[in-house]
Each structure stands twice: as structure tokens, then as C-alpha cells.
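Worksheet for the structure shown next.
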Amino acid sequence: MSEMLLEIRNASKVYKQRGVGGVKREVVALQDFNLNIAKKKPSIITIAGESGSGKTTLAQLVLGFTHPTSGQIIFDGQDMATADARQMKAYRHQVQAVFQDPFGVYNPFYRIEHVFNTVINNFKLANKPEARRALVEKALNIVGLHGEDVLRKYPHQLSGGQRQRIMMARAYMISPKLIVADEPVSMVDASLRASILDVMVRLKEDNGISFLYITHDLSTAYQIGDQIYVLYQGTTAEKGSTINVIDQPRHPYVQLLVDSVPVPDPDIKWEGEINLPPEEEMRSSVHSGCRFYPRCPSRMERCLTAQPPLYKIDAIDHEASCYLYDENGVAAATRQP
């Protein structure tokens, strides 16, 4: 039996597009991505980055909505590329999803109780009405809701926070081992984000459920994430303990990303304009160099030869994909406070 719940090995996803004049080109959505989630210690693994960095592509690969161009997705020792129908059904049971849009995941013609009835029927969770109701009520209580308040209502009668918590309750009711949460708080009010994040933490600590938390919000990643992977144009720029990576970023992109978070000080004003160079040209081949080259303040000629590997920053798990951190460049790359 595998000690790892989820293993992603050198997963890449390349899409082919037809451009102007019918010329075909490749777009590398994800390149050589690696990740491990252990069974014994449930954790919240954050996948962070700007729009287009490959976060949602990774979520779709893990959920089986699309397949990697190369590499492996291994769950509990089973390579999902070779899984049969029975193994895939078990995988759907163990890996659940909570999506970004709390408004678009519901059928507006059905009451909320239909969401739970569908899950109970599909996975044969209970037969007797009393047992079914107990399952639903327990799941709702976990996320701070009650059946009499929501089950008879239609989706439009609930707030965005309630809809998102119902999605958490639906996922929890199936007793999964992993929940892929794709930007679950980006479309709800700031006042409701804390309650949803708290649900995720409690499901991890009290129920042993791991999370793959997809987000562009470093502040929420810092609050709940155990580890973080920061993606840039489909590649891993930096990874490690969430606190270490955000407090002491080493990759030039991650440094700029952390520095871009606004400081809550009315005396500090934003000034100037940001002019970004065209970057997609660096994404058209898996053989191109560092994706961040056009924007990097520390770029070197060697950055154009190949994508930098992940270099170790500390003895535990902090790594950065930058040639500044090879054996000749560590001293020059130290971030100044």
C-alpha cells in the first residue's frame, strides 16, 4: 500500500492552437509539475499564481476532467491513466471538488435537497429516509448550516456564502480523502471568506481530509496553507512551507508577487504605471527558457537556454526555480529585507 495519497509526477499539459493564417502553435499550460500529498498527515496544499499560470489546468488534471500530455497522476498507488471503470468510480468517491462559482454549479429548477439526494443515490450512501436525513443534517452542521433553513429553498434564495458551504457539505458527506477547492472564496463577500476557510481547516483537522487549494490570494494561502506551490506560466517558480515562501520569497517573480500585495496604510500611495512585456512567446514550447525572463530584474543569458530546475533553499522543503540559486549564485541571490 502506498504511503502517498496523491502523487503527481512530471505532469505536463500542452494545448495546440490554430493562430493567424492557420499556423498551428503549442501553448504549454503546465510543464513538469511534481507534487506529493502524504496519507498519514492531512494537509492543505496551496497552488498559487496569477491568471493563466496553470492552476485550473492542474485542478482539472487531478479531477480527471482532462488528461496530461505526459507524466502521471497517481492516487493511492494507482496510476489513473490505467484505471478501469471500477477504480475510476472509487477515485470519484475519494476525490471531490468545490468550484469557484457558487452561482453556476446549481440547477435553478431544483431545491437544495436535490443536491444531497443525488449524491446519496449515486454513491448509495443510505437507503432509509431517517439515515439519509441524518447524513444530510450532519454534513450541514459541519459547515454551520441547518436542514430546515436551506433544504427546501432554491439556489437563488441563498447567499453566495451559503451556496459555497453547501458545496463543502456535499463534498464532506461522501467522506473523501482529498478535496480540490478551486478558488472557493474568490466570489463571496470578504465577511464570508473566513467562515469558509475555517470549514476547510476543521475538515482537515477533525476529519482527516486533505485539500488542494487553488487560489491567487496569498493572504488566504498564508492563513490556512501548510505548503505552497507558486506557478508562473505553467512552471513551478517556488515551493515549500507557506510561511517560509511568503515571508522569505526567493524567486524574483515570487518576490514581486509578494511585494505587490497592498499595505493597509493610507499614507502609502500607489504610483506609476506597470508596463508588462509580451510573455506568451516564452510559453510556446517546452524547450524554451525561463518563462519569467522578459520581466526578471536579474535575468542572465543562460536563462534562455533551458527552464531552471528547482534549487534547494533550505534543508527542508523550500525550493526555487532560478539559476541565481545554483552553486555559484546563492550569495548574489539573497533577498534583502
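Throughout, read-outs are computed from the coordinates displayed, never taken from laboratory work. Just so it is clear, the structure is predicted and the values come from calculations on it, not from any experiment. Cβ placement follows ideal geometry from the backbone for every residue including glycine, while neighbour counts extend to all protein chains displayed.
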*Ranked highest first by average number of other Cβ atoms within 10 Å, how do 158-168, 89-99, 304-314 line up?*
158-168, 89-99, 304-314
*Cα axis of helix 85-94 to longest principal axis of the chain: angle in degrees, 0 to 90, nearest 10?*
90
_Given Cβ point charges of +1 (Lys, Arg) and -1 (Asp, Glu) and nothing else, what value in debye, to the nearest 20, does the dipole of segment 4-225 about its Cα centre take?_
560
*Starting from the amide H of residue 98, placed 1.01 Å from N in the peptide plane, find each other amide H under 5 Å away whose residue is 5 or more places distant or on another chain.*
180, 181, 182
*asked:* Springs between alpha-carbon pairs under 10 angstrom, Gaussian network model over the chain: which of 246, 45, 142 fluctuates most?
replied: 142
*Any idea which of 230, 246, 212 is furthest toward the positive side of the dipole for segment 170-249, if Lys and Arg beta-carbons carry +1 and Asp and Glu beta-carbons -1?*
212
*Work out how much length residue 127 to residue 202 would gain on full extension: take 0.36 nm times their residue separation and subtract the Cα-Cα distance, in nm to one decimal.*
24.2 nm
*asked:* If I stretch the segment between residue 153 and residue 314 completely, what's the gain in nm (0.36 nm per residue apart, minus their alpha carbon distance), one decimal?
replied: 52.7 nm
*So how far apart, in nm, are the two label points at residue 267 and residue 141 if each is 7 Å from Cα heading toward Cβ?*
5.1
*Relative to the present Cα-Cα distance, how much length would full extension add between residue 247 and residue 51 at 0.36 nm per residue of separation?*
68.3 nm
_Strictly under 4.7 angstrom between C-beta atoms: which cysteines of the chain have no such partner?_
296, 322
*Measure off 7 Å from each Cα along the Cα-to-Cβ vector at residue 67 and residue 110, then give the distance between these two points in nanometres to one decimal.*
2.9
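Rg over Rh of the chain, using C-alpha atoms and the Kirkwood radius, what does it come to?
Result: Rg/Rh = 1.00.
In which sequence would 18, 250 go, from the one with the fewest C-beta neighbours within 10 Å to the one with the most?
The order, fewest Cβ neighbours first, is 18, 250.
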*Quick one: helix 129-142 against the long Cα principal axis of the chain, what's the angle to the nearest 10°, folded into 0 to 90?*
40
